[in-house]
Amino acid sequence: MSATTPDATVSFAAPREQRTGSLVWKIVRYVLLTLIMVGVLLPVYVLLITSFKDGSEVSPLTAWALPTHWKIDNWIHAWDALSGGLWRSLTLVIPSSIISAMLGSANGFVLSRWRFPGANIVFTLILFGMFIPYQAVMIPLMKIVVGVGSALDVTPFGIPALIVMHVVYGIPICTLIFRNYYESIPEELIEAARVDGAGMLRTYFSVVIPISITSFVVVLIWQFTQAWNDFLFAIFFGGDSSNGPVTLALNELSHGSIMADYGGSMAGALIASAPTLIVYILLGKYFVSGLMSGSVKG
């Protein structure tokens, strides 16, 4: 019995130590995640409470303090200033996201399934557009837009010009996402469509698009966010705040008076960011699954 007692003790102690180590690691992990969450949400907390403060209560020393008197005047003022820009931004991001997604899907399908000579070179040239800084092409792009506007005798600035900009600059990332996903589609599925007599276009519309909804969600969320938050293109090609997107109206709200209106600016920032936040809340799980869908071959 004495010879077997140590073995029995060791056999029971090892799992207990493993459980203790696992518990400690879980505690450390949740503490770290909580600290990261607090760090991320602190600016949102300051934005929220400042949006309800009077101008006299806003100072670096009282940034964390709750308002003495909760006021909604800042929100009313911000909504009046941004409501038109919100609508114009919607008319910008919806068509630009859909068009760039469709073009990226078509490009991705062709480049993944049609092995024509120079396909890899074409794909590389398309991806090259992802690495060109907007600032590097702003001056020649401005001359092109002004020249096109003069030739067509139309105003070259406004929402239509911004739609074209975001469609063109969205094609490279959309093509990359769709090409990676279409590479993971089993070849047997495409061959089965060909056996049934489907051509390339029929296969694309009847077989490929219905099974690539998650990739469309990824691209649409990405393009929606990029176009909605854009300020550089907006300030160059969006005209003024009366006919430009919400980012121009928010900039005007922040700098439209001699005294800084911190409460109105904070309320405006929350209003302007609400659409993208809602999109991520509703479609966030599809965004993650769509990003992972093309990461594994087969």
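The values are calculated or read from the model by the stated rules, or taken from the named source; none is laboratory data. Owing to the predicted nature of the structure, the values given are computational and were not obtained by experimental measurement. So basically every Cβ, Gly included, is an ideal-geometry build from the backbone, and we count neighbours across all protein chains shown. Note: accessible area is taken over every heavy atom of the protein model, side chains too, but ligands, DNA and RNA are not part of it. Shrake-Rupley method; radii C 1.70, N 1.55, O 1.52, S 1.80 Å.
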Quiz item: Mind checking which helices in the chain clear 15 Å along their axis (Cα) and have mean Kyte-Doolittle hydropathy of 0.0 or more, DSSP H runs only?
Solution: 5-50, 73-113, 134-152, 159-183, 213-229, 262-293
Quiz item: Could you give the length gained on full extension between residue 187 and residue 27, defined as 0.36 nm per residue of separation minus the Cα-Cα distance, in nm?
Solution: 53.0 nm
Practice problem: Might you report the magnitude of the Cβ-based charge dipole of the chain about its Cα centre, with Lys and Arg at +1 and Asp and Glu at -1, to the nearest 20 debye? | Solution: 700 debye
Quiz item: What's the extension gain from residue 280 to residue 80 if we count 0.36 nm per residue and subtract their Cα-Cα distance?
Solution: 69.5 nm
Quiz item: Under a 1.4 angstrom probe, counting protein chains only, how are 142, 165 ranked by accessible area, largest first?
Solution: 142, 165
Quiz item: Cα gyration tensor of the chain, axes a ≥ b ≥ c as square roots of the eigenvalues: rounded (a/c below 1.5), prolate (a/b > b/c) or oblate?
Solution: oblate
Self-check item: Most to least packed among 123-129, 264-270, 102-108, 146-152 [average Cβ atoms within 10 Å]
Solution: 264-270, 102-108, 123-129, 146-152
Self-check item: For the chain, accessible area per residue (1.4 Å probe, heavy atoms of protein chains only), Å²
Solution: 60 Å²
Quiz item: How much of the accessible area of the chain, in percent, comes from carbon and sulfur atoms when a 1.4 Å probe is used?
Solution: 72 percent
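Output the Kirkwood hydrodynamic radius of the stretch 157-209, Cα pairs only, in Å rounded to one decimal.
13.2 Å
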Exercise. Could you tell me which of rounded, prolate or oblate describes the stretch 16-152, using a ≥ b ≥ c as the square roots of the eigenvalues of the alpha-carbon gyration tensor, with rounded for a/c under 1.5 and, failing that, prolate when a/b is larger than b/c and oblate otherwise?
Key: oblate
